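The values are calculated or read from the model by the stated rules, or taken from the named source; none is laboratory data. Small disclaimer: the values here were computed from a predicted structure and weren't measured. Positions of Cβ are generated from backbone atoms using ideal geometry, with glycine treated the same way; all protein chains shown enter the neighbour counts. Just so you know, the surface numbers come from the protein's heavy atoms only, side chains and all, with ligands and any DNA or RNA stripped out. Shrake-Rupley method; radii C 1.70, N 1.55, O 1.52, S 1.80 Å.
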Amino acid sequence: SHYAYDFLKKYFKNLKYLSDFQRPIIIKNYKKKNKLKKNIICYSSKSNDFFDYLKNNSNFKMIKLAGYNNKQLINIFRKTKIYMDFGYHPGKDRMPREAALFGNCIITNQKGSAKNNVDIPIKSKYKFSEVKTNIPKINKQIEKIFNDYKKEIKNFKFYQNIVLKEKFKFESDLRNIFTKS
């Protein structure tokens, strides 16, 4: 992730950037989206006290993503409209990328790699500071997505395209790193 790269370049001089790409099962299945999305939020199992407070002060149906196999996760992503993650984001997290491919709008905090617009390249209106006074703003953003999903999901097309090009970028970066010029 760029977040890790920025951290490491403080300590190492000859760094090269190399990032991962989506698992083949995700790429194979992402095109088969469910057109009957429901007003449901799926969320990271690595949430925190702030997210618990948000959840307790909201009236939205939510599914915690823990203990599911790949097929079950894909089915959840296909029916939900929002993926929410208030974890630490130590890197270019897998779950937001997968959820975005399956047509989920992404809402995050502003920690770790979610702070930058390279690792999680979504508009700032979907990234929130973890302060209780933001709960009404977050709830309002959720309602906006649920009420105007077709318009809101267009804001994530850029993110989806980046995720779809990750394998090509990985291969290109490998060539650049290990091939002599």
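Could you list, in their original order, any pairs among K79/K140; K71/K137; K123/K165; K35/K132; K92/K154 whose Cα atoms are separated by more than 23 Å? Please report the intermediate quantities before stating the final value.
Working: K79/K140 21 Å; K71/K137 33 Å; K123/K165 19 Å; K35/K132 34 Å; K92/K154 21 Å.
From the list (K79/K140; K71/K137; K123/K165; K35/K132; K92/K154), the Cα-Cα distance tops 23 Å for K71/K137; K35/K132.
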* Asked: Taking Cα centroids, how far is region 43-71 from region 124-178 in Å?
  -> 18 Å
* For S172 and F12 in the same chain, what is the full-extension length gain: residue separation times 0.36 nm, less their Cα-Cα distance, in nm? -> 55.4 nm
* Over the chain, what percent of the accessible surface lies on carbon and sulfur atoms, probe 1.4 Å? -> 53 percent
* Sketch the reach of a paramagnetic label on K123 as a point 7 Å from Cα along Cα-to-Cβ, and name the residues of region 149-170 whose backbone nitrogen lies under 11 Å away. => 151-157
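Compute the signed sum of charges (Lys and Arg +1, Asp and Glu -1) over the other residues within less than 10 Å, Cβ to Cβ, of G87.
Details: positive: K46, K111; negative: D85, D93.
Once all neighbours under 10 Å are counted, the net charge is 0.
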* To do: Take peptides 87-94, 160-167, 103-110 and line them up by average Cβ neighbours within 10 Å, highest first, as a rough protection proxy.
  => 103-110, 87-94, 160-167
* Structure fact -> A student applying the Cα gyration tensor rule (rounded when a/c is under 1.5; otherwise prolate if a/b is larger than b/c, oblate if not) would label region 111-181 oblate
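More than 23 angstrom separation, counting every C-alpha pair in region 7-116; what % is that? Walk me through the numbers before you get to the answer.
Numbers: 2015 of 5995 pairs.
The calculated P(r) of region 7-116 puts 34 percent of pairs beyond 23 Å.
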* Taking amide hydrogens as modeled 1.01 Å from N in the peptide plane, which residues meet the under 5 Å criterion relative to T80, leaving out close sequence neighbours? -> K38
